[in-house]
Amino acid sequence: MTLVDRDDITSVGIDSIDREHEALISLINQLHSALLHGETNERITYTFDQLTIYTTKHFSNEENYFLQYNYPDRIEHSKEHAQFCQNLQQLQENFNRGEENTTFELLQFITHWLHHHVGTQDAAYAPFFKKNGIK
């Protein structure tokens, strides 16, 4: 059972970014599966770490495009990325302290954010990127 299906997330129509979104979905589903199947804290922590690392990489890739092509909404979009990373870090710290429900709170936060952010913020930059030749 997956938590997030690829079809649930809006495609931005830029292959490289859509592939990164798919990788994020895969990591979210791996974390969800680890929780459902009672995996060890070490396994959950590893998956959590991979999600954090990949999210940072993805945001960096997007923000490099913002700078390279002078995307007009880059500052606001980057602020959303920074806020997400802060929230993700806080949830990871809560999990590491053994706070109950942190992982399910994390999954709820990430899936809601992913739906909203990709469907609105990322979808908004797609025409601009395409106009500048990003495929």
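Contact annotation: residue pairs with Cβ atoms under 9 Å, 6 or more positions apart or on different chains, pairing a residue in segment 79-107 that is without any contact (Cβ under 8 Å) to a residue 12 or more places away in the chain and within 18 Å of Thr55 (Cα to Cα) with a partner that is hydrophobic (A, V, I, L, M, F, W, C) and surrounded by 14 or more Cβ atoms within 10 Å (Cβ to Cβ), are Ala82/Phe59. Out of all the residues in segment 118-135, which are surrounded by 14 or more Cβ atoms within 10 Å (Cβ to Cβ) and more than 18 Å from Asn64 (Cα to Cα)? If the condition is that a residue be surrounded by 14 or more Cβ atoms within 10 Å (Cβ to Cβ) and more than 18 Å from Asn64 (Cα to Cα), then Gly119 is the only one that fits. When the criteria are applied in full, Ser33 meets the requirement of being part of a helix (DSSP H, G or I), farther than 30 Å from Lys131 by Cβ, small (Gly, Ala, Ser) and modelled with pLDDT of 85 or more.
Just the residues that are of a type outside the set (D, E, K, R), under 17 Å from the mean Cα position of the chain (by Cα) and either exposed (fewer than 12 other Cβ atoms within 10 Å of the Cβ) or more than 16 Å from Ile17 (Cα to Cα) (or both), please, taken from segment 69-101.
The initial filter retains those residues of segment 69-101 that are of a type outside the set (D, E, K, R), namely 69-72, 75, 77-78, 81-92, 94-96, 98, 101.
Cutting the leftovers down to under 17 Å from the mean Cα position of the chain (by Cα) gives us 77-78, 81-92.
Ala82, Gln83, Phe84, Cys85, Gln86, Asn87, Leu88, Gln89, Gln90, Leu91, Gln92 - these are the residues of segment 69-101 that are of a type outside the set (D, E, K, R), under 17 Å from the mean Cα position of the chain (by Cα) and either exposed (fewer than 12 other Cβ atoms within 10 Å of the Cβ) or more than 16 Å from Ile17 (Cα to Cα) (or both).
Taken as a whole, the structure leaves Thr56 outside the set of residues that are in contact (Cβ under 8 Å) with a residue 40 or more places away in the chain, in a helix (DSSP H, G or I) and either surrounded by fewer than 17 Cβ atoms within 10 Å (Cβ to Cβ) or out of contact with any strand residue (DSSP E or B) (no Cβ under 8 Å at 6 or more places or on another chain) (or both).
The values are calculated or read from the model by the stated rules, or taken from the named source; none is laboratory data. Just so it is clear, the model here is predicted, and its values are computed rather than measured. Virtual Cβ from ideal backbone geometry, glycine too; neighbours counted across all protein chains shown.
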